[in-house]
1. Among the residues of segment 234-291 satisfying the criterion of being part of a loop (DSSP other than H, G, I, E, B) and of a type in the set (A, V, I, L, M, F, W, C), which is farthest from residue 4 (Cα to Cα)?
2. Name the one entry in 206, 212 that is closer than 19 Å to residue 109 by Cα, crowded, with 17+ Cβ neighbours inside 10 Å, acidic (Asp, Glu) and touching a Lys or Arg at 6+ places or on another chain (Cβ under 8 Å).
3. Within segment 131-142, which residues are buried (at least 19 other Cβ atoms within 10 Å of the Cβ) and in a strand (DSSP E or B)?
4. For segment 147-195, give me every one of the strands (runs of 3 or more DSSP E) that falls completely inside it and has 3 or more residues that are surrounded by fewer than 19 Cβ atoms within 10 Å (Cβ to Cβ).
5. Give the residue that is nearest to residue 298 (Cα to Cα), with candidates limited to residues of segment 17-44 that are of a type in the set (Asp, Glu) and either assigned to a loop (DSSP other than H, G, I, E, B) or touching an Asp or Glu at 6+ places or on another chain (Cβ under 7 Å) (or both).
6. Within segment 292-308, which residues are hydroxyl-bearing (Ser, Thr, Tyr), assigned to a strand (DSSP E or B) and either free of Cβ contacts under 8 Å to residues at least 40 places away in the same chain or in contact with a Gly (Cβ under 8 Å, 6 or more places away or on another chain) (or both)?
Amino acid sequence: MGLNKTAVKTCEELLRTFQSSSATLRDAQRIVFTGADVEGKDVYNITAPFTDEGEQVIAGRVESRDSEHSDILFFTEQNGSWSPRACAPTFRLQDPFFTRIAGELVLGGVEIFPDPVKPDALKWRTVFYRGENIASLQPFFKGPDGMKDIRLIGLTDGSIGVFTRPQGAKGGRGKIGFVRVASLDELTIDRINEAPLLDGQFTDEEWGGANEAHLLRNGLVGVLGHIASFDEQGDRHYYPMAFVFDPANETFSDMELIAVRAAFLPGPSKRPDLQDVVFSGGLVRQGDGTAVLYAGISDAEAQRITIADPFARFEHEIA
């Protein structure tokens, strides 16, 4: 049974649908980070909390307000605030994400480096680490230069689904692709570059990507992502979205917005053009029809909000 996908929708159309719906968003909370390592810096584009050696941990992007050079730090909660975990490694990366595959923790982020062609410009790529836990993480793969938002998910048959996001001749400003590999050791730049696109998700003027993948009980994959656009003034608008993907036949549902910036608490932005930015970090499904979305807000802080679980109604679809 395939998932039903209709015509491509723009950010504006998705926003109108969201605003006319009865979607309930509640309990927006700012996530407070403390400690000498983050003093005077912003922590944003965080992961959802995950368990490492019996302890709840959040990975976050830490950087100065006037810089793009950031570190990924790991935080644990004490007395309502999150502070850097003692003796945990740090990584000179942006935008952390994690998954677990075949019992291993897989952590990734975006590495920036000088553009080999354009002086004073930066290039980027997604890099991956693996290990039994945070303390044992070791690098094992770097994605293609110029590609962010590569995400991995272990599938029910033991293979690994790979969501890609090419730009340029193939992906324009950024579109989502998908390919399957047999194991982490079979990840290659060629396999990622050759991944077919999921057609009909984004117009050429807009862009988006996958941020986190969830394996549902029936073998479908719930994808937490973002869709983004520029307005006439050149300001950016990033919206958290979700859709469901069937790896058996590579069909997928329509994407839906799951939150908007106005639902979160007011706060600062890294630049004026980034005020309306919500970057999906991670989703914790509660099992009661709700989920908690962890997000980067305006490239300057991190918040969480409770939403309707976007994958619950797909849980009983036939995969």
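1. 265
2. On inspection, the qualifying residue turns out to be 212.
3. Correct list: 141 only.
4. Strands (runs of 3 or more DSSP E) meeting the threshold: 177-181.
5. 42
6. Within segment 292-308, 294 is the sole residue that qualifies.
Here's the yes/no breakdown for (1) farther than 22 Å from residue 162 by Cβ; (2) among the β-branched types (Val, Ile, Thr); (3) crowded, with 21+ Cβ neighbours inside 10 Å:
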| residue | (1), (2), (3) |
| --- | --- |
| 224 | no, no, yes |
| 242 | no, no, yes |
| 250 | no, no, no |
| 261 | yes, no, no |
| 268 | yes, no, no |
| 279 | no, no, yes |
| 283 | no, no, yes |
| 292 | yes, yes, no |
| 302 | yes, no, yes |
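Every residue, every condition in (1) assigned to a strand (DSSP E or B); (2) small (Gly, Ala, Ser); (3) in contact (Cβ under 8 Å) with a residue 24 or more places away in the chain; (4) more than 19 Å from residue 294 (Cβ to Cβ), yes or no:
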{"residue": "46", "(1), (2), (3), (4)": "no, no, yes, no"}
{"residue": "66", "(1), (2), (3), (4)": "no, no, no, yes"}
{"residue": "95", "(1), (2), (3), (4)": "yes, no, yes, no"}
{"residue": "112", "(1), (2), (3), (4)": "yes, no, yes, yes"}
{"residue": "126", "(1), (2), (3), (4)": "yes, no, yes, yes"}
{"residue": "144", "(1), (2), (3), (4)": "no, no, yes, yes"}
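The values are calculated or read from the model by the stated rules, or taken from the named source; none is laboratory data. Here the structure is a predicted model, which means the values were calculated and not measured. Don't worry about glycine lacking a Cβ; one is built from the backbone with ideal geometry, like all the others, and counts go over all protein chains shown.
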